[in-house]
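Working notes, structure below.
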Amino acid sequence: MQILRKNLVLFLLAIYAVASLGYQASAPWRERTLGTGRADYQVASVQDPSEEYRLAIHYPTTIPLEVAGERGRPLVAWLWGSSLTSSMPSTTTWRLVINATNETRPNAPTNVIFTNKDGLEIASTLTLQPGVSEPEAPRSILYVSRLADGREMSYARSNFQLWRDDIEFTLTPTPNIPVIVELETQYAAFGRKLCDLLLNTPALTWVSVLTIGINFWVKQKEKKAAEAKELENKIKALKDMPIQQAWQTYWNLYRANEHKQELQKAWREIETLYPFETSKVIRKWLTNHIHTGGMPPEREISWNDLINAQSSLSKDEIEMLRAFFIT
Amino acid sequence: MTMNTTPIEIEVTLQQALCSFRILGAASQDEIVQRLDERVKEKETALEAIRNEYYLRGGLAGRILLRAWGQHNADLGETFAKWLNDDPVPQHDTNINLPQTDIPPLPLSPKHKKFLENFFNGKQFASYYTPFGPEKAEDDPRLYGFKAPDQNLSIPSLFYDKLPWYPEIAAEQHSFFFAPRGCGRTAAIGQARHLHRITGYKPALSLYLFLCPPFESTHLLKFVADALGRALLDALLEDAYWFIAADHEIRADIGRFLLWWAGDLVTLLRRLRNGGLPIVALPIERANKCDPSYDSRLLTDVLGSYSSLEHICWDDTIAIVRAARVAIGKVYLTQDDWDYPIYLWVDSHLSEGVASQEIPRLWDNELLRRMGNLKIFIRHEFSDLEQIRMEWKAQHLHEMLEHRWKRSGTDSFLDKEKLGDASYMLLQEFRKDIHDKAHSPQEVIREGNRLFEQLGEPLMGDR
């Protein structure tokens, strides 16, 4: 808990970074999974009986509009994108009319209000610009509002009509680039918008990640500096200890520590100042560790470490002891 | 456990144990012996190897291990004790282990020294081959059984001890000597100290006190303690076995005293090093051939385990002296019990006035008498006290001269033809008839050297 309190900001940043990275990375999954009433639309291609052109619009046969949220609250749907490829002559004006009907009660009047993403009502008719092609087509074209009378609908059907002048072309669905319609409730929309606002800013995410990274690096540096300082203090303390205690402390440190060279250097200094005392202490220590069975426990004495850790006993001497005491 | 069956394996094990003991030091004795006992299974067949490796060639470490092993294994103990008792006084090369009476250089005139060196082809020890040698016998290094540098045999000393008072010097009793100048006092004391040292041919503890005023008790104690320290140091230099093998309490008493005497361990080690022991802290680089000189590490370890006495009094000093005697006796066993004598050799150059005041009190000093056999040598006569007179009569001087003449083989290099009849006769006459005015060996030797220098020029020939 204390660590948590000390590093609260970092902790929160870390949560933010993870959440935002996860949010951004999960966009495709969210699109696939979280949207309600998602449907893929088929593309229809049409041919102008008079001219060669190609127009592809895709729409499903139905758009399931599920009731969610509170009665009376609008359901929002938007066209994720329409892919329109056309080679319409520039002089031609095309209109895309989108209609919605009650799937359940097809004959019931369907009063659908089309709004844009800001909630402003727009016409259900779009004027297509010639030469517009995917991916330049707007992604969110219109929003289908709920029925104005507030009645529940289970399904609403939408279809597209393509008009040129007064001629309606039949749109035949063909598999092509889909138009995806997502339906979500207001709360979901709010949540989505909030998440987008907070978590969908890559710059902020990477700033968080960098901040955590830099902090970690700084902390590592501080930790290393603290370890070096602690080692320096331990080495200083070694030189002030009685020789026997110094040897035992040094030996334990040497076995457990990564900074073997610094420790070795310190012990060499002690050996230089007190050659007889260090020699005697080490030999007595070694004698104490030689058990009755003549087998020095390897966990207590590592002979190779002993050779390197001190210079009071030569390699030959230690090898001789090993040869005599170890069977 | 390894079953050592072949002689090579046994030898290797013994050598490993000896080396390990030298490496780990005196404190590892028990562990080494225990391991040795386990590894050497067939001990009966190993006895010869043990004797060779430990008793004959093992030095100090070998004898300590033998002793410890014998105590650990009763079956072997009897055999080992017999070996150790067979030679109670180890015969050492005394080249580096002379007593701490520093032998001064030969008091020869430069011309005399040059002459002798030329005569004997520049050999430095040539000066010892003169018929008359140094005026003072104590200047003859051979007095102590010294070996000449390039000769395998000991050269006999020119010291002449067939004197009526010499047995008094060595006797285990208090003796007071009238020792006039030139009578051979210093040589006699030196010879006696050498023979009656801890590892001498007649083992004893000899303390040499060269006194000077004041003689009040504290000052005297200081002299005695210093003499004891030097005597113990000499004994350690020659052979530390008696010390290391001593009982713990005795060893501790002596060790603590030595530290007090030297001042601290570092100073004590320095004095041992100056005396010839290789006191070093360096590791042994070739441990498979352990240098026996690293036996000194055993001594260093033992000494380093004690702390110095804080102060010392007469009773402490007497106790230390007796403790040393016990330690000696237990190691160098003789047929009799181990009650070795203790000698206090008191020498001084006091003026007559001071001597007349202080010496009688010294002679009656109960503390000194309690400590050992008090031997006081003084240049002055004391009518009230019974003194043994170290006075040379003509007969003694003649016998002394003959002794020197024969010992140095003078006849072999006195070439009559080269010398000429006159010179030859003069030298022979001098040898036979001691001058009436000569009262001391020093005077006789001086005259003899003068004659030889004067007459011996022809002997140089074409050298």
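The values are calculated or read from the model by the stated rules, or taken from the named source; none is laboratory data. All of these numbers come straight from a predicted model, not from anything done at the bench. Positions of Cβ are backbone-derived with ideal geometry, glycine not excepted, and every protein chain shown enters the neighbour counts.
Quick look at the values:
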read-out	value
Selection within the range B:285-297 - in contact (Cβ under 8 Å) with a residue 24 or more places away in the chain and within 11 Å of chain A (Cβ to nearest Cβ)	B:Ala287, B:Asn288, B:Cys290, B:Tyr294, B:Arg297
Qualifying positions in the range B:397-425 - farther than 22 Å from B:Pro134 by Cβ, touching a helix residue (DSSP H, G or I) at 6+ places or on another chain (Cβ under 8 Å) and either at pLDDT below 80 or part of a helix (DSSP H, G or I) (or both)	B:Asp415, B:Lys416, B:Lys418, B:Leu419, B:Ser423, B:Tyr424
Within the range A:211-327, helices (runs of 4 or more DSSP H) holding 2 or more residues that are more than 14 Å from chain B (Cβ to nearest Cβ)	A:243-256, A:260-273, A:303-309
Matching option when the condition is touching a residue at least 60 places away in the same chain (Cβ under 8 Å) and surrounded by 14 or more Cβ atoms within 10 Å (Cβ to Cβ), among A:Ile235, A:Ile212	A:Ile212
Subset tally (residues that are more than 25 Å from the chain's Cα centre (by Cα) and more than 10 Å from chain A (Cβ to nearest Cβ)) for the range B:298-312	7
Subset of the range B:269-284 that is within 11 Å of chain A (Cβ to nearest Cβ) and touching a helix residue (DSSP H, G or I) at 6+ places or on another chain (Cβ under 7 Å) - its residue that is modelled with the highest pLDDT	B:Leu269
Unmet requirement for B:Glu38, which otherwise passes all of (1) within 9 Å of chain A (Cβ to nearest Cβ); (2) farther than 27 Å from B:Lys330 by Cβ; (3) surrounded by 16 or more Cβ atoms within 10 Å (Cβ to Cβ)	(3)
Residue pairs meeting the criteria (Cβ under 7 Å; at least 6 apart or on separate chains; first within 14 Å of B:Asp316 (Cβ to Cβ), in the range B:242-259; second buried (at least 19 other Cβ atoms within 10 Å of the Cβ) and of a type in the set (Phe, Trp, Tyr))	B:Ile254/B:Phe243
Scan of the range B:205-226 for residues that are touching a strand residue (DSSP E or B) at 6+ places or on another chain (Cβ under 7 Å) and either on the phi > 0 side of the Ramachandran plot or free of Cβ contacts under 8 Å to residues at least 40 places away in the same chain (or both), ordered by number	B:Phe223
Those residues of the range B:12-24 which are crowded, with 24+ Cβ neighbours inside 10 Å and either of a type in the set (Phe, Trp, Tyr) or at the interface with another protein chain (Cβ under 7 Å from one of its Cβ atoms) (or both), in sequence order	B:Ala17, B:Cys19, B:Ser20, B:Phe21, B:Ile23, B:Leu24
Restricting the range A:1-17 to residues that are loosely packed, with under 14 Cβ neighbours inside 10 Å and closer than 13 Å to A:Val209 by Cα, the residue that is nearest to the chain's Cα centre (by Cα)	A:Ile15
Check on B:Leu236, in contact (Cβ under 8 Å) with a residue 12 or more places away in the chain, under 19 Å from A:Lys284 (Cα atoms) and either within 14 Å of chain A (Cβ to nearest Cβ) or in contact with a helix residue (DSSP H, G or I) (Cβ under 8 Å, 6 or more places away or on another chain) (or both)	no
Residue in the range B:353-363 that is outside any helix (DSSP H, G or I) and either more than 14 Å from every other protein chain (Cβ to nearest Cβ) or not small (Gly, Ala, Ser) (or both) present	no
Single residue of B:Leu368, B:Leu344, B:Leu374 found to be crowded, with 18+ Cβ neighbours inside 10 Å and assigned to a helix (DSSP H, G or I)	B:Leu368
Residues that are assigned to a helix (DSSP H, G or I) and modelled with pLDDT under 85, drawn from the range B:138-190	B:Glu138, B:Asp139, B:Pro141, B:Arg142, B:Leu143, B:Tyr144
